[in-house]
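Let me begin by presenting the structure, written as C-alpha cells, before commenting on it.
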Amino acid sequence: MAVPWYPRIAAWLLTIATVLTLLTVAGCGGGGLPQPSETSRSATTPSVPDPGTGDSVEGDIDAAVSITNTYWSTHWNEFFTGTYRPPRVLGAYDGATGTAPTCGGTALPDNNAVYCPGGDYVAWDMDLMRAGHQRGDAWVYLVIAHEWGHAIQNRLDAGLVDLARELQADCLAGAVLFGAARDNTLTFEDGDTDELADALSALADETPWTNTSDHGNASQRVSAFSRGAESGVKGCLPNAVR
Ligand SMILES: [Zn+2]
C-alpha cells in the first residue's frame with residue numbers, strides 16, 4: 001500500500017471491492033458497489049509479493065497511522081456527534097524482553113497489538129509488525145486500522161458498539177482503508193487485497209465467534225472487513241440500515 005502522489009482511477013478501486021466481495025462468506029447488504037463478476041480473482045489466488053516498493057516497516061506504520069487518523073478526522077461528523085479525538089500513539093514496543101509498557105497494570109502482550117482504554121493509546125509489538133510486513137505491507141495497515149477501531153468504539157455510546165467488538169473493529173478497518181482509497185489518501189497496489197485476506201486469516205481464531213473476547217474465525221474476519229469495505233462505517237454499526 002502506498003500514499004499516492006496522484007489519484008488513481010476509480011475502476012481499480014471497484015475491482016478491489018469486487019475481489020473482496022468474492023472473499024465474503026456471508027452475504028453483504030450491498031453498498032452501491034458492483035456485484036462480483038465471473039472474471040475476478042478468487043480467494044484462493046496466492047498472495048502476490050510486493051512489487052519491490054522498498055517501503056520500510058517503519059515507513060508503512062507511519063503512513064498507516066496518518067491515513068487512519070486522517071480518515072476519522074475527515075469523516076467523524078458524517079457518522080457521530082461531538083468532536084473527533086484521536087487516541088495517543090504509543091507505537092512500537094518489545095513484548096519479549098520484559099520492557100513492555102503496561103495497560104491496567106499488565107504488561108502489553110508479546111507479539112500482539114493493542115488499544116489500551118485506560119491510557120487511550122494504541123501500541124504494537126514490532127516483532128508482530130515485522131513478521132507481518134514480510135508477508136505483505138497491507139498487514140500493518142490492517143493492524144493499525146483495527147486497533148484504531150477499538151479506540152473509536154471506546155468513544156461511542158454503548159448501543160453503537162457491537163457485541164462482537166473484534167469483528168466490528170475489523171469492519172471499521174475495512175471502512176477506513178477503503179474509505180481512504182476513495183479519498184485518494186491511500187492507494188491499493190497489486191496484491192494488497194490478497195494480503196489483507198491473508199492477514200485476517202493469519203490473525204483469526206480457529207473456532208467461530210461465540211463471545212465478546214473472540215476475534216472470529218478466518219471467514220468471519222474477512223466477512224466483517226469486507227462489510228466495512230463495501231458499506232462503510234454505517235455498515236459496521238449495530239442495527240444500521242445498510
Ligand atoms: Zn481487536
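The values are calculated or read from the model by the stated rules, or taken from the named source; none is laboratory data. Please read all numbers here as calculations on a predicted model, not as lab measurements. Neighbour counts are summed over all protein chains in view; Cβ atoms, including those assigned to glycine, are modelled from backbone coordinates with ideal geometry. The protein model used for the area step is the full one, side chains on, heavy atoms only, and it has no ligands, DNA or RNA in it. Shrake-Rupley method; radii C 1.70, N 1.55, O 1.52, S 1.80 Å.
Annotations for the structure displayed:
- Count - residues of region 100-156 that are in a helix (DSSP H, G or I), open to solvent by 50 Å² or more (accessible area, probe 1.4 Å) and farther than 17 Å from M1 by Cβ: 2
- Restricting attention to region 80-99, the residues that are open to solvent by less than 50 Å² (accessible area, probe 1.4 Å) and outside any loop (DSSP other than H, G, I, E, B) total 2.
- Every residue from region 179-221 that is among the small types (G, A, S), crowded, with 17+ Cβ neighbours inside 10 Å and touching a residue at least 40 places away in the same chain (Cβ under 8 Å): G179, A180, A181, G191, A197, A199, G216, S219
- Residues located in region 70-121, provided they are within 16 Å of the ligand (Cβ to nearest atom) and in contact (Cβ under 8 Å) with a residue 60 or more places away in the chain: P87
- Looking across region 155-183, the residues that are over 17 Å from P87 (Cα atoms), under 16 Å from the mean Cα position of the chain (by Cα) and hydrophobic (A, V, I, L, M, F, W, C) come down to A164, L167, C171, A175, L177, F178, A180, A181.
- Extreme residue, surrounded by the fewest Cβ atoms within 10 Å (Cβ to Cβ), among residues of region 157-174 that are away from the ligand (no atom under 15 Å from the Cβ) and aliphatic (A, V, I, L, M): A158
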